[in-house]
Structures are given as C-alpha cells and as structure tokens.
Amino acid sequence: MNNPAVEKEVEGTLGVLEKVQRAPASPFFYTRLKARLQAEHAGVRTPPRRLNIRLSLATLAGTLLLLINIYSLWHSTVQWHTASKETKLSTFADVYALTDDGY
Amino acid sequence: MRQLIPSIEGATFLHSLFSMDDAITIPALQEGDEDAFRDIVEMYQDRVYNTCLGFLPTRQEAEDAAQEVFIEVFRSINNFRGEAALSTWIYRIAVTKSLLELRKKRRLKRFAHFIPWAVGQDDPMDSLADPDAHNHPLAQLEDKERAETLYAALGSLAESQRVAFTLHKIEGLSYEEIAAIMDASIPAIESLIHRAKTNLRKKLSDYYQRQLS
C-alpha cells in the first residue's frame with residue numbers, strides 16, 4: 001500500500017471503529033422475551049414467515065417443472081419408438097427440410 | 001468516542017466473571033426462579049444485544065437473536081456445569097446464535113441469486129451491505145459510506161477472525177475473555193486478531209485502489 005491517497009482512505013475507514021457506540025437493548029426487551037417464552041411454553045407456534053412461504057412455493061414450482069419435463073421426455077420417447085418407419089422418415093425429412101416443397 | 005465497556009457495566013462484567021455471584025445466581029436459575037432469570041436478562045441484555053449487533057445487520061435481527069440467546073440460557077441452564085463463568089457461557093451462546101443466523105442468511109442469499117422472486121426484494125438479507133437502511137449503529141455515524149465499507153469488509157473475513165476481532169474491537173473484550181469465549185489460547189486469539197487486522201487492511205486497500213483508479 002504505497003499510494004498515500006489509498007492509505008488515507010484505509011486509515012479513515014478503520015478509524016470508524018473507534019466511533020462505534022454501544023447500543024442499549026430495547027426497554028421492552030424482557031417483556032418481549034417473556035411473551036415469547038410463554039408462547040413457546042404454551043405451544044403456540046409463530047406463523048411461518050412470508051419468506052418461508054415463498055421458498056415453499058419456489059420448491060413446489062421447481063418440482064412441477066421437473067415433473068413436466070420428465071413427462072414430456074418420456075412421452076416423446078414412447079411416441080418415437082411406437083411410430084412406423086414411414087412416419088419416422090417423414091418426421092426426419094420435415095425436421096431437416098428434405099421435402100420437395102419450396103424447391 | 002466509544003466506551004469499550006461503560007464503567008458500571010464493566011465493573012459488573014468483571015465482577016460476574018471472577019466473583020462468586022454465579023454460585024448464587026445459577027442454583028436459583030436452575031430451580032426456575034423467575035426473578036433470577038430477570039436479573040440475568042437485565043444484567044446481560046445490552047452486552048448480548050451488542051454482540052449480536054456486531055454480526056447481524058439490523059437491530060430487529062439482533063434483538064431476535066438476543067432473545068434466542070436468553071431462551072437458550074433458560075432451557076440449558078441445567079446443563080451448565082460451571083466450568084466457565086456464566087458471562088463466558090452466555091457470550092458463547094450469543095456468538096453461536098449470531099453465526100448460525102449469518103450462515104442462514106448466506107444460504108438464502110445464494111438461493112436468491114438463482115431464484116430472486118422466491119426470496120423477494122424486501123428481504124432483510126438484502127441489507128447485508130446496507131446498514132444505513134436499517135438503523136444499524138454503524139449507520140449512525142457521520143461517515144456512513146465508510147461505515148458501510150467497513151461493515152462489508154468485516155463480513156468478508158474468515159469467521160474465527162471476525163469473531164475475535166468483533167469481540168475485541170466492538171465489544172471491547174480483553175484477549176483473556178475472548179480466549180475463554182472461543183475456547184482457545186491467548187496466543188491463538190492474538191494471532192487471529194492480528195490476521196484479521198492485516199486482512200481488513202488489505203481488503204480495504206484493494207477496494208480503495210479500485211475506487212481511486
């Protein structure tokens with residue numbers, strides 16, 4: 001660190017540590033704690049957070065997408081194996097534009 | 001200027017650390033005495049809250065973690081065998097709870113990187129590098145930009161370095177006290193704090209070099 005400007009910035013930022021004030025806990029800390037302990041003791045469950053709901057929905061959506069993909073893959077494989085030779089050739093020609101149309 | 005430990009509180013801390021007060025308080029706590037529990041909470045709530053605030057970005061998260069610390073104290077007091085001072089044990093729980101919360105936030109942040117809509121934009125973890133938006137004590141300082149930079153740099157330190165450095169520089173604990181909390185030797189703590197300072201300086205230096213170039 002030879003650049004004096006950089007050194008000055010680093011010292012200034014580290015100096016912030018010396019100004020940190022201790023923050024007092026809320027005056028209602030014990031009251032809230034007691035209420036939480038009583039709720040837990042009574043078996044009251046806190047409602048799931050919105051974040052947890054979103055995560056569950058995301059997992060569900062991901063699983064559904066995966067199932068749809070697996071089904072599509074399975075369906076197309078089965079169709080290909082059960083198709084006649086003529087149909088396969090026709091499909092192949094369509095995919096690679098080997099028909100006479102347009103030429 | 002920051003007071004490392006306010007005089008009365010500091011005296012109480014040292015008293016509880018080295019005196020026989022624990023011997024009176026702990027049996028009462030183990031018997032489920034509500035007054036003893038209240039006394040313990042009132043004696044330690046500011047220190048536990050500040051310790052949590054040293055790791056977590058918002059006051060709300062720090063208060064939630066601090067409450068969990070005392071719930072753990074309440075539940076586990078019968079397992080406390082007095083091998084360490086009560087204050088050391090409580091600090092250990094506070095550090096562990098804060099680190100667990102931080103790890104949870106990091107996991108969620110990684111998840112949010114892939115599926116942002118699942119986590120949402122209003123999630124508090126977005127505030128990791130934004131103490132300003134959440135009334136963090138660091139943001140109370142005049143130089144908020146520096147405070148944010150420092151907070152981000154602290155967050156990028158190795159966990160053990162961050163714990164030792166935070167307990168020493170922000171909580172104002174001595175090497176001996178930190179060694180007891182982290183269950184390590186004093187030279188190990190000195191080494192951790194030294195490495196934390198070196199890494200912090202390097203990270204800040206790299207950051208400002210990029211900013212100024």
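The values are calculated or read from the model by the stated rules, or taken from the named source; none is laboratory data. Worth saying up front: this structure is predicted, and the values here are computed from it rather than measured. Cβ: placed from backbone, ideal geometry, glycine included. Neighbour counts: every protein chain shown. SASA here: full protein model, heavy atoms, side chains in, ligands and nucleic acids out. Shrake-Rupley method; radii C 1.70, N 1.55, O 1.52, S 1.80 Å.
Before moving on, here are some points about what is shown:
- Pairing residues of segment B:176-188 that are touching a residue at least 12 places away in the same chain (Cβ under 8 Å) with residues that are among the charged types (D, E, K, R), at Cβ distances under 6 Å and at least 6 apart in sequence or on separate chains, gives B:I181/B:R92.
- Screening segment B:1-108 for helices (runs of 4 or more DSSP H) wholly inside it with 3 or more residues that are modelled with pLDDT of 90 or more returns the ranges B:34-55, B:59-76.
- Test: residue in segment B:60-83 that is within 12 Å of another protein chain (Cβ to nearest Cβ) and touching a residue at least 60 places away in the same chain (Cβ under 8 Å): yes
- Identity of the residue in segment B:162-213, outside any helix (DSSP H, G or I), of a type outside the set (G, A, S) and open to solvent by less than 70 Å² (accessible area, probe 1.4 Å), that ends up farthest from A:V20 (Cα to Cα): B:L173
- Every residue from segment B:158-213 that is within 14 Å of chain A (Cβ to nearest Cβ), under 19 Å from the mean Cα position of the chain (by Cα) and charged (D, E, K, R): B:R162, B:K169, B:E171, B:K197
- Residue within segment A:61-84 that is open to solvent by 50 Å² or more (accessible area, probe 1.4 Å), facing another protein chain (nearest Cβ under 8 Å) and modelled with pLDDT under 85 present: no
- The set of residues from segment B:25-58 being touching a residue at least 24 places away in the same chain (Cβ under 8 Å) and within 17 Å of A:R36 (Cβ to Cβ) comprises B:F37, B:I40, B:V41, B:Y44, B:Q45, B:V48, B:C52.
- Positions within segment A:26-42 being more than 14 Å from B:D64 (Cβ to Cβ), modelled with pLDDT of 90 or more, more than 7 Å from chain B (Cβ to nearest Cβ) and open to solvent by less than 100 Å² (accessible area, probe 1.4 Å), in sequence order: A:T31, A:K34
- The single condition from (1) facing another protein chain (nearest Cβ under 8 Å); (2) farther than 21 Å from B:V48 by Cβ; (3) modelled with pLDDT under 85 that A:Q21 fails is (2).
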